[in-house]
1. How large are Rg and Dmax for the range 7-96 when only the alpha carbon atoms are used, in Å?
2. Taking the Cα centre of each part, how many Å lie between the range 33-54 and the range 118-167?
3. Mean projection of the alpha-carbon convex hull of the range 183-231 over all orientations, in nm²?
4. Can you order the peptides 73-80, 25-32, 142-149 by their average number of other Cβ atoms within 10 Å per residue, highest first?
5. Computed over the Cα atoms of the range 96-161, what is the ratio Rg over Rh, Rh following Kirkwood?
6. Got a sec? How would 168, 98, 125 order by Cβ neighbour count within 10 Å, fewest to most?
7. Above 25 Å lies some portion of the pair distances; for the range 122-262, what is it as a whole percent of all C-alpha pairs?
8. Could you state the principal axis extents of the C-alpha atoms in the chain, from the largest down, to the nearest angstrom?
Ligand SMILES: Nc1ncnc2c1ncn2[C@@H]1O[C@H](COP(=O)(O)OP(=O)(O)OP(=O)(O)O)[C@@H](O)[C@H]1O
Ligand SMILES: [Mg+2]
């Protein structure tokens, strides 16, 4: 089966203060349609740069990106703007407009499309229902919890019925309960709307909970990939091994430190 999201030999460097830093060093990623695909790695490994190259928020230096039949890297600026509507993205810091209400935040991409007012009302109400925020329709982001803000971010990302959702550390700023609720919402979206999701995280538990497949990025290259259980039962890469070790340490020490002396 051919993959739905594909990168071929993707390279990206940044020039800062005369230094050229090579961040992506030939990334070949293959994600099947309908998958929830995890990308893990240490801080600075290049995860955010990789997803930002997929929708060309960053322009790769070389290499190709495909989504379905479309070569994203071959699109003109105008074609890209159209295609981007079908690529939703959510962020760690939510990226909401603080001066807009929940309704206005979610309506924003539809207004850009010049959708009819009545259609916008209907679509936003549907999305609010989907993410469970109907009663917060007229609230401002400042009046919401982190989990609720991320629900707004998700609703906004889904406004134009995208086929793909890119999630960059979407739960990293959330408490465990909100994290779980957001992960369940992403699973629901994947199942009910058939979205293909690429989920960037440095939390192994998140990958285990939600993803089918995973790629481990180390210093700008994919060092291993495959089914989540195979990778984390028996990791080959340094990153994979450290992730597993840390996860086991947490489990081993559960209840130990807090329980002493009681
Ligand atoms: N716009 C930029 N200009 C210069 N350097 C950048 C830029 N964006 C990223 N980098 C550098 O590229 C490297 C990879 O960054 P990236 O944000 O992709 O890492 P990451 O894996 O997402 O890390 P984290 O887990 O901390 O989010 C880092 O060394 C970073 O400093
Ligand atoms: Mg990042």
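1. Taking only Cα atoms of the range 7-96, I get Rg and Dmax of 13.6, 42 Å.
2. Cα centroid of the range 33-54 versus Cα centroid of the range 118-167: 23 Å apart.
3. Values: hull surface 14.3 nm².
Average of the hull's projected areas for the range 183-231 equals 3.6 nm².
4. Working: 73-80: 12.1, 25-32: 18.4, 142-149: 16.1.
For the peptides 73-80, 25-32, 142-149, the packing ranking is 25-32, 142-149, 73-80.
5. Working: Rg = 10.5 Å, Rh = 11.4 Å.
My calculation puts Rg/Rh at 0.93.
6. Numbers: 168 20, 98 9, 125 14.
If I rank by nearby Cβ atoms, fewest first, I get 98, 125, 168.
7. On the way: 3885 of 9870 pairs.
Counting pairs separated by more than 25 Å, the tail of P(r) holds 39 percent.
8. Extents along the principal axes, in whole Å: 57, 54, 44.
Taken together, the values in this text are just the output of simple stated rules run on the coordinates, not laboratory data. Keep in mind that this is a model prediction, so the values were computed, not measured. Every residue, glycine among them, receives a Cβ derived from its backbone with ideal geometry; neighbour counts consider all protein chains shown.
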